1. How large is the dipole of the range A:157-236 about the Cα centre if only Lys and Arg carry +1 and Asp and Glu carry -1, each at its Cβ, rounded to the nearest 20 debye?
2. Report the accessible area of B:W29, computed with a 1.4 Å probe over the heavy atoms of all protein chains in place, in Å² rounded to the nearest 10.
3. Find the centroid of the Cα atoms in the range A:152-211 and in the range A:244-313, then give the distance between the two in whole Å.
4. Using a cut-off of 12 Å between beta-carbons, work out the net charge of the residues near A:Q397 (Lys and Arg +1, Asp and Glu -1, A:Q397 not included).
5. Would you mind pulling out the separation of the Cα centroids of the range A:320-339 and the range B:70-120, in Å?
6. Quick one: net charge around A:I272, please, counting Lys, Arg +1 and Asp, Glu -1 for every other residue with C-beta under 15 Å from its C-beta.
7. For chain A, what is the relative contact order in percent, using Cα pairs closer than 8 Å and at least 6 residues apart in sequence?
8. Specify whether the C-alpha gyration tensor of chain B places it in the rounded, prolate or oblate class, a ≥ b ≥ c being the square roots of the eigenvalues: rounded for a/c under 1.5, otherwise prolate if a/b is larger than b/c and oblate if not.
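The values are calculated or read from the model by the stated rules, or taken from the named source; none is laboratory data. Treat the numbers as computed from the prediction; the structure is a model and nothing was measured. In this analysis, Cβ positions are derived from the backbone assuming ideal geometry, glycine residues included, and neighbour counts consider all displayed protein chains. Surface accessibility is based on the protein's heavy atoms, side chains included, excluding ligands, DNA and RNA. Shrake-Rupley method; radii C 1.70, N 1.55, O 1.52, S 1.80 Å.
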Amino acid sequence: MEAQCINTLETLAPCLVRGGMDPGLAQFLSIAAGVLIVSGLPLLLVIIFIWVERKIAARVQDRLGPNRVGPFGILQNIADAVKLIIKEDITPAGADRLIYTAAPIVAMLSVILIWSVVPFTPIHIGADLDIGVVYVVAIGSVGTLAIMMAGWSSNNKYALLGAFRVVAALVSYEVPMIVALLIPLMLAGTMSMQGIVEAQQGMWFVISAPIAALIFYISNMAETGRAPFDLIEAESELVAGYNIEYSGMKFGLFMASEFLHSFTVNLLFAVIFLGGWSGPFVHQVPVLGVVYLGIKSIIPYIFTIVFRSTVPRVRIDQMMAFNWKFLVPVSIVNVLLVAFVLKVVQELGLSPSPENVHDFAANLPQTAILLVTNLLMGLVTINILRNAGRRERIADQNRALRGAERDSAIVPTAIS
Amino acid sequence: MTVVNEWAFIGVSMAVAWIFPALPLVVSWIFRPRRPNAIKMATYECGVETVGDTWVQFKVQYYLNGLVFLVFDVELIFLFPWAIAYSQLDFFAFGAGLLFIFLLTDALIYAWKKNALEWQ
């Protein structure tokens, strides 16, 4: 009993009550302790994330990256934070002061709040909401609001233009993200984050729904403003984008929230598609879940960073066309197809029953059928894309050819 | 934990999530120098003085884009309950959901044909 009292936050309240405390107060204290851990953790981890990102980006670009302050330069970001804190903070003359100050806080808040519903182990989770996925989507959109607040209140045309573009892009990429989320919800039958992880004990959703996972990953990359979708800060066109007027710690908060967001979406990817904390012996030693979750989210995170430092930036019209004319149709067709196939599988009795959903072998038939469906759909999509591209190239060539003929026909007569 | 406790946690989180990012701002407010002058506070525009107000009418494309997004986002929320109850659905409810997605696709095709998706 005593050991339990020390170990888990879940039992903190009963322990305090047994110690003679008022139940309401004990409940509040246990909630407050949980909140402090769940919201403090990302703020401490962001220092490491920024270091990891700078180091990997530097290695990709054949540089050393930060290496002076502390071992391997790991303390560089603390030095940077101190520098940002003692910098003068400039609020431009025409700015809307209240919104201007609130924007960086809202940007950070929108990321921290996501961590409240992330299940770290089978028993450690901030709040296991029944509508966890909707909560994540809703809180994620608050980040877009922060960007609009910053761009609008700065009273700077570059900032406003940057904010407009970003909001248009972020808002659009939310649609394929939500459509892709429908498939894990169908497979899990619940919106609670803990429930989604529980449903993946037998088989990770990335195997039964690879296309949905890929769409979720790509649109998350766009949501966080990572290259190739980093139009948020297209330096050559917008100087710096929505945060151009920000200086000092307010700028630092925007930067920190961006780096943290880029890890947080990969954390969500790990929870929803890679099985979250699930792994061997996790039910005996719950703390292992944090390790598994960490490893699973760091692998896609490293991919994001490598993409960021290798892929060129797309134009805004290309970005919007890629979303509305490719990702959205593909995700809708994917939902239709998977919904149909899954229903057939369930009617045939091939899907695992609620009792043996944690069993690997029981999941195999359903997963195999879904995987084949997804692969076929991927092949068809790639073929359609290839044909469309070929047709467009031929049309371009014909147009150029015709143009050349016309020029050669017109020019001599014009001279004579 | 009970349902009320879950939401109490979110409520406390919301308050704390405002306080935590505000802390560095407060610390910075204590330590930072304050020497404002008119040129420093001027709107940044690559050295040129800014002309006119920033808060002007914006391009209609953004409005159009927002409208298309709104249609999809609101309708997709209706699909969440359908996806949750998926394994218990009979064929009628299942077909109704598919029909709803078809209508959504229809809207996308309409917007596409009307050139609402072209970035101008």
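1. Values: 3 positive and 6 negative charges, 25 e Å.
Approximately 120 debye in magnitude.
2. 140
3. Each part's Cα centre sits 14 Å from the other's.
4. On the way: positive: A:R390, A:R391, A:R393, A:R399, A:R402; negative: A:E392, A:D396.
Once all neighbours under 12 Å are counted, the net charge is +3.
5. 11
6. Residues near A:I272 contribute -2 overall.
7. 18
8. Numbers: a/c = 5.99, a/b = 1.43, b/c = 4.19.
Here chain B falls in the oblate category.
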